[in-house]
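Okay, so here's the structure we're looking at.
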Amino acid sequence: MSRRPLIAGNWKMNGLSADGIALAKGVAEKRKAEAALACDVLVCPPFTLLADVARALAGSGVAVGGQDCHAKVSGAHTGDTSATMLKDIGCSHVIVGHSERRTDHGETDAVVKAKAAAAHAAGLVAIVCIGETLAQRDDGRTLEVNKTQLKGSLPEGANAANTVIAYEPVWAIGTGRTATPEQAQEVHAFIRSELVKLVGETEADKMRILYGGSMKPENAAQLIALADVDGGLIGGASLKAEDFWAIARNCA
Ligand code: PGA
């Protein structure tokens, strides 16, 4: 099964208007110069930049996504943003259940599942993040933790068209320490085998599973080449158009 890779930039809480828009335009220029690129490209700026970045990227072939959404469509939820609102301003994707949301905001699998369901209802692709901590890996619980998070975070109706999984080992995020190809492939293949039980063989075979955690130009080629790695969710290295593009070009 050949799955078209997705290269997604997660800008996290970085970027003021001028540099954020310049970064988006830089990515759009690179995309334009590489018509034959064999992957989808997505950027997920902070909420404050979403509308401007969506405008700057309109028609460029680079998609825009949110980094989080609320589970409800609207209502008394001060400070929150709904999936419908993201869709309204031009987003096609939203990241849910990033480990920083799970840690900083106490998001449980049930919360992540509700957010992913809201994303689907709004017509967005949900990028559902899972991944073990270093302590869990050292305890030999990597597969069990990812299995539990996957099962608990995937809503009814998840399929390859509306859902992307991101495996992000917490110990590799922002640390400069990347999973080895063997470690990444082991978990990705395991996630796909669990997906067979959750969404059926056909969808599991088509569903993209991204790797995230200190992916950079120097290590992207060997990770993206792995049989069950279908692209990357890139944090730090997505903040420079050159670096982000050097990663995307591995899909050419
Ligand atoms: P990183 O972040 O590439 O900076 O490690 C990845 C992520 O958290 O999505």
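Below is a table of values for the structure above.
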{"item": "Solitary cysteines of the chain, where the nearest other Cys Cβ is not under 4.7 Å", "result": "C44, C69, C91, C129"}
{"item": "Whichever lysines have a C-alpha closer than 26 Å to that of K12, once near sequence neighbours (fewer than 8 apart) are set aside", "result": "K25, K30, K32, K72, K87, K113, K115, K147, K151, K216, K240"}
{"item": "For segment 84-111 versus segment 184-252, the gap between their alpha-carbon centres in whole angstrom", "result": "19 Å"}
{"item": "Segment K72-D139, extension gain: residue separation times 0.36 nm, minus the distance between their alpha carbons", "result": "20.5 nm"}
{"item": "GNM top mover of G20, G75, G231 - the chain, alpha-carbon springs below 10 Å", "result": "G75"}
{"item": "Average accessible surface area per residue within segment 6-248, 1.4 Å rolling probe, Å²", "result": "42 Å²"}
{"item": "Stretchable slack from D19 to K151, in nm (0.36 nm times residue separation minus alpha-carbon distance)", "result": "43.7 nm"}
{"item": "Segment E242-D88, length gained on full extension (0.36 nm per residue, minus Cα span)", "result": "52.5 nm"}
{"item": "Placed amide H near V125: partners under 5 Å, 5+ positions off or other chain", "result": "H93, V94"}
{"item": "Förster-model FRET efficiency, 35 Å R0, L198 and A225, C-beta, rounded to 0.05", "result": "0.85"}
{"item": "Of K25, K12, K197, the one that fluctuates the most in a GNM where the chain has Cα springs shorter than 10 Å", "result": "K197"}
{"item": "Simple Cβ-charge dipole of the chain, Lys/Arg +1 and Asp/Glu -1, about Cα centre, in debye nearest 20", "result": "460 debye"}
{"item": "Size-normalised alpha-carbon gyration radius of the chain, reference 2.2 N^0.38 Å", "result": "0.93"}
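The values are calculated or read from the model by the stated rules, or taken from the named source; none is laboratory data. Here the structure is a predicted model, which is why all the values come from computation and not from measurement. Using ideal geometry, Cβ is built from the backbone for each residue, glycine included, and neighbour counts are taken over all protein chains shown. Remember, those area values only see protein heavy atoms, side chains included, never the ligands or the DNA or RNA. Shrake-Rupley method; radii C 1.70, N 1.55, O 1.52, S 1.80 Å.
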